[in-house]
Amino acid sequence: MDRRSFLKTAAAASLFGPTLAKEALAARDQPLVAVAEGKDYAAITRKAVNAIGGMKHFVKPGDIVVVKPNMGWDRSTDLAANTHPLVVRALVEECLAAGAKKVKVFDYTCNDARRCYVSSGIEAALKGIRNVECKQIEQERFKKVALNGRFLKEWELYDEALSANVFINVPIAKHHGLSKLTLGLKNIMGVMGGNRGYIHRSIDVALADVNSHLKSHLTVIDATRILTAHGPQGGSRADVKVLNKVIASADIVAADAFATTLFGLRPADIPITVAAHQRGLGEMNLERIKVVRV
């Protein structure tokens, strides 16, 4: 606690007693999750970010920023396998408006990268914007990093993600055959090199290891439409549910925890969320999360 916070808490204790002061401090420390809803996806993305302090709270003039969407699949926007391009573009524009020197957008795709970048609509959405780089992964830029984790002792991570001043995690909310859901914590796989299939032996612990090393400063979850079955690749419009929502939080676990409820599940149902919470990476108890709807 800094000096100013200490003095405020002390003053509250003298005026209202220690119990109320403790409650006030707990409320101040609650993670904030903003949920914006509407059919203008760029507008609701901005609303969600503004509700948690605005992009200038995260991005400072001169920063190099990575915006990491999910664009791992050769699927069109309506099939809900990739992050919506309008959500990505709005975040990129907000970063530039906050003074970012450069914004880099990339993903280590599962299908052919050239097709994924085109089919997702993200490459086209960013074309022509100055100081924005939407570039396919370059294998030589993976760097072996000591994680000293509980499952992964070391792994290859993408150096442009590691060296950025700000890392913004922008997954789409969708079903996953192995992990039940893929949200912010799992979206980090898009900066992992090597044999990613290996981590499926203990995916929840492995992803907690990676997220412990590479922190997401801001997580924005695209729930404009969600994939309810046959994820992560999908392929049928029958599995897509339109929700017209965007979720934003500085707490990746809290963002994932709230997004879980969109599928009729609890945060405790998702092993990756539980592992990250137990590791101290964020809050998964919905009663301890402040949700603001805008």
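Are any of the residues in the range 43-51 assigned by TED's automatic domain parsing to the domain that holds A161 and either at pLDDT below 95 or part of a loop (DSSP other than H, G, I, E, B) (or both)? So far as the range 43-51 goes, no, none of its residues is assigned by TED's automatic domain parsing to the domain that holds A161 and either at pLDDT below 95 or part of a loop (DSSP other than H, G, I, E, B) (or both). Is there a residue being more than 19 Å from Q30 (Cβ to Cβ), touching a helix residue (DSSP H, G or I) at 6+ places or on another chain (Cβ under 9 Å) and surrounded by fewer than 16 Cβ atoms within 10 Å (Cβ to Cβ) anywhere in the range 246-257? Checked the range 246-257: no residue is more than 19 Å from Q30 (Cβ to Cβ), touching a helix residue (DSSP H, G or I) at 6+ places or on another chain (Cβ under 9 Å) and surrounded by fewer than 16 Cβ atoms within 10 Å (Cβ to Cβ). Go through (1) assigned to a loop (DSSP other than H, G, I, E, B); (2) touching a strand residue (DSSP E or B) at 6+ places or on another chain (Cβ under 7 Å) one by one and return the number of the condition V65 breaks. Condition not satisfied by V65: (1).
How many residues does the range 195-223 contain that are of a type in the set (A, V, I, L, M), touching a residue at least 60 places away in the same chain (Cβ under 8 Å) and within 15 Å of W155 (Cα to Cα)?
5
Give the residue, chosen from R293, R279, R288, R266, that is within 19 Å of T45 (Cα to Cα) and of a type outside the set (D, E). Selected residue: R293, the only one of R293, R279, R288, R266 that is within 19 Å of T45 (Cα to Cα) and of a type outside the set (D, E).
Identification of helices (runs of 4 or more DSSP H) wholly contained in the range 192-279 with 2 or more residues that are among the small types (G, A, S) and in contact with an Asp or Glu (Cβ under 9 Å, 6 or more places away or on another chain) yields 252-260, 271-278. Taking the range 74-191 and the strands (runs of 3 or more DSSP E) fully enclosed by it, the elements with 2 or more residues that are surrounded by fewer than 24 Cβ atoms within 10 Å (Cβ to Cβ) are at 102-105, 132-134, 142-146, 154-158, 166-170, 172-176.
The residue list I226, I247 contains one member that is in contact (Cβ under 8 Å) with a residue 40 or more places away in the chain, among the β-branched types (V, I, T) and under 27 Å from A100 (Cβ atoms), which is I247.
Residues of the range 102-124 that are aliphatic (A, V, I, L, M) and within 18 Å of E160 (Cα to Cα): V103, V105, A113.
The values are calculated or read from the model by the stated rules, or taken from the named source; none is laboratory data. All values reported here derive from a predicted model rather than from experimental measurement. Glycine gets a Cβ as well: all are built from the backbone with ideal geometry, and neighbour counts include every protein chain shown.
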